[in-house]
Amino acid sequence: MRLLLVHPSPLMYSEIFLRLEPLGLERVAAAARDAHHDVRVVDLQVLPRGELARELAGFRPEAVGISLNYLANVPEALGIAADVKRADPRCFVFLGGHSVSFIADDVLAQAEGTVDAIVKGEGETSVGPLLAAARDGGLDTVPGAVSSQGRGPAPKTLHSIDFPRPARDLTRHRRKYFIGELDPCASIEFSRGCPWDCSFCSAWTFYGRAYRKASPEAAVEELAGIREPNVFIVDDVAFIRPEHGDAIAAELERRRVRKRYYLETRSDVLLRNLEVFRRWARLGLEYMFLGVESIDAEGLDLYRKRVSPDENFRALEEARRLGITVAINLIVDPAWDAGQFQLIRDFATTVPEIVHLTVMTPYPGTEIWHTESRRLTTRDYRLFDIQHAVVPTTLPLEEFYRQLVLTQQVINRKFLGLRTAVGAARVLGANLARGQTNFARMLWKFNKVYNPARQYADHQRPVAHELPLPPPAPPGDRRELYVHTRPLKSRP
């Protein structure tokens, strides 16, 4: 079967800070190819929409799968599905991915017949059976599938994340993938899932708090085959198990694989496993994203981070000693007033770390979805991108965005001012010498993208598709939130 896999356009923050290769889609493509299908990939993060039309006309796919890891992409995905059906009503159209897994029935209804099935859970295990059922019938027997024929059995969990390896040869314009100054940058997965249960996050509910690790040999074999000099480790929390991080490091040293790395982890994991991170710093770990989320204990308790402010600040000190540049994420509470924004500006200008701001957003699959969704001021999918306020703000909405952007601009100037101009120019020059312009474009586009008038105007757009509300009563058992209902037993 001819299969075309599509990743939708970038979200707001992707216009500035990063553009990551569609790793999940590449793995699904590899699984489909292993099942003897002819597969192509169109990533609209890096390709114009016209390229999709050309593939539909030239490749004439018998099936089209659209990735929906991000809630804000739902309207675009439904538009693509409608376009595909108009071009060829016989084409089998399906959606899959993290976000759509939690609202599959509702999105299927909103598609009004332009989507044949939605696949919940991990796509690698379901794409083969799904395409077979599309050809031979029996969609209601496919694990994780939701269609007009009914629901299939519960989604199957991938036994080992060593395989299938991502079909990176199917993604074009790979030089357009980057994160910060790591330009270009590939992505890799060393582990999957998260054993913590932060109230704002849906990683743990998607995987049922399961946690799986790639074998060190498979991880390094894949790393050795990546052409890009920079790699983003996409694990929700890197190196939870120190012996796993050490084993991968040892294999890298043995094979003399050298890259520059960016990863995400938690403050308590960094403090517990300092020797592992020290070893990785020697191997090329240069950047680290820490989900600090709040600078006070009250905020950390609200988000159930299970760390203290003291642990967060000690982790920052240790990262500085290791020579690792840290990006801190702080969650902006829509209840903040001007004084709290000023407090964050003061904090951001007194620490050497990069500070990112994301707006507290209740997403399906999170616990706060069940506590905050009745307060929603909008259900426009496009605004659920952690850059817009979707619950009531203490400040008038226009002033909230003015304060938010002002804070972001203060942080941005800290890294583009005189103190850092020399370093930025050096990095920029090195990237440009290699023909890489992503980092340069990021620097010059900030004020265009982060604009309070633009963000406020986004609320005034006509809305074709709205996010469904959860049932009136929250689940009595948190396991009812899980997509994968039989979690693995491995623990951190």
Query raised in the report: Straight-line reach from residue 259: which aspartates and glutamates have a Cα under 13 Å away, not including same-chain ones fewer than 8 places off?
Result: 183, 222, 228, 286
Report summary line: Ordered by number, the trypsin sites (Lys or Arg not before Pro) in segment 17-110 that occupy a DSSP loop and have at most 11 other Cβ atoms within 10 Å are 90
Query raised in the report: In terms of modelled amide H atoms, which long-range or inter-chain residues lie less than 5 Å from the amide H of residue 285?
Result: 261
Query - Where only alpha carbons of segment 177-458 are counted, the Rg and the Dmax (Å) - result: 19.4, 58
Query raised in the report: When the helix-only estimate is applied to the chain (DSSP H runs of n ≥ 4, each -39,500 (n - 2.57), divided by the residue count), what is the mean residue ellipticity at 222 nm, nearest 500 deg cm²/dmol?
Result: -12000 deg cm²/dmol
Query raised in the report: Among 338, 396, 356, which residue has its Cα positioned farthest towards the positive end of the charge dipole of segment 177-458, with +1 placed on the Cβ of Lys and Arg, -1 on the Cβ of Asp and Glu, and the dipole taken about the Cα centre?
Result: 356
Query raised in the report: So, by mean Cβ neighbours within 10 angstrom, what's the order for 73-81, 236-244, 268-276 with the highest one leading?
Result: 73-81, 236-244, 268-276
Report task. Sort 313-326, 392-405, 200-213, 427-440 for me by packing, meaning the mean count of neighbouring Cβ atoms within 10 Å per residue, highest on top. Result -> 200-213, 392-405, 313-326, 427-440
Report summary line: If R0 = 22 Å, then residue 433 and residue 255, at their Cβ-Cβ distance, give a FRET efficiency to the nearest 0.05 of 0.20
Requested in this report: Under 19 Å Cα to Cα from residue 448, which aspartates and glutamates show up? Leave out anything in the same chain fewer than 8 places away.
Outcome: 15, 385, 398, 399, 458
Requested in this report: Calculate I(q)/I(0) for the chain by the Debye formula, one identical point scatterer on each C-alpha and no solvent, and give its log10 at q = 0.10 Å⁻¹ to two decimals.
Outcome: -0.78
Query - Antiparallel content of DSSP bridges confined to the chain, in %, to 5 - result: 20
Query raised in the report: About the Cα centre of segment 177-458, what is the dipole size in debye to 20, counting +1 per Lys and Arg Cβ and -1 per Asp and Glu Cβ, all else neutral?
Result: 960
Report summary line: With +1 at each Lys and Arg Cβ and -1 at each Asp and Glu Cβ, the charge dipole magnitude of the chain around its Cα centre, to the nearest 20 debye, comes out at 1320
**Report entry** Residue-by-residue Karplus 3J(HN,Hα) for segment 162-177, coefficients 6.51, -1.76, 1.60, Hz, glycine and proline x
**Finding:** 5, 9, x, 6, x, 7, 5, 5, 8, 9, 9, 6, 5, 5, 8, 8
Query raised in the report: Of 229, 148, 167, which is farthest on the positive side of the dipole of segment 142-249, counting Cα position, with +1 on Lys and Arg Cβ, -1 on Asp and Glu Cβ, and the Cα centre as origin?
Result: 148
Query - Residues whose placed amide H lies under 5 Å from that of residue 39, excluding near-sequence neighbours - result: 3
Report summary line: Free-by-geometry Cys in the chain, Cβ-Cβ under 4.7 Å as pairing rule, reported as 91, 185, 194
Query raised in the report: Assigning unit charges at the beta carbon (Lys, Arg +1; Asp, Glu -1) and nothing else, what dipole magnitude in debye, to the nearest 20, does segment 54-164 show about its Cα centre?
Result: 160
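Every number here is computed from the coordinates shown, using simple stated rules; none is lab data. If you're wondering where the values come from, they're calculated on a predicted model, not measured in any experiment. Neighbour counts are summed over all protein chains in view; Cβ atoms, including those assigned to glycine, are modelled from backbone coordinates with ideal geometry.
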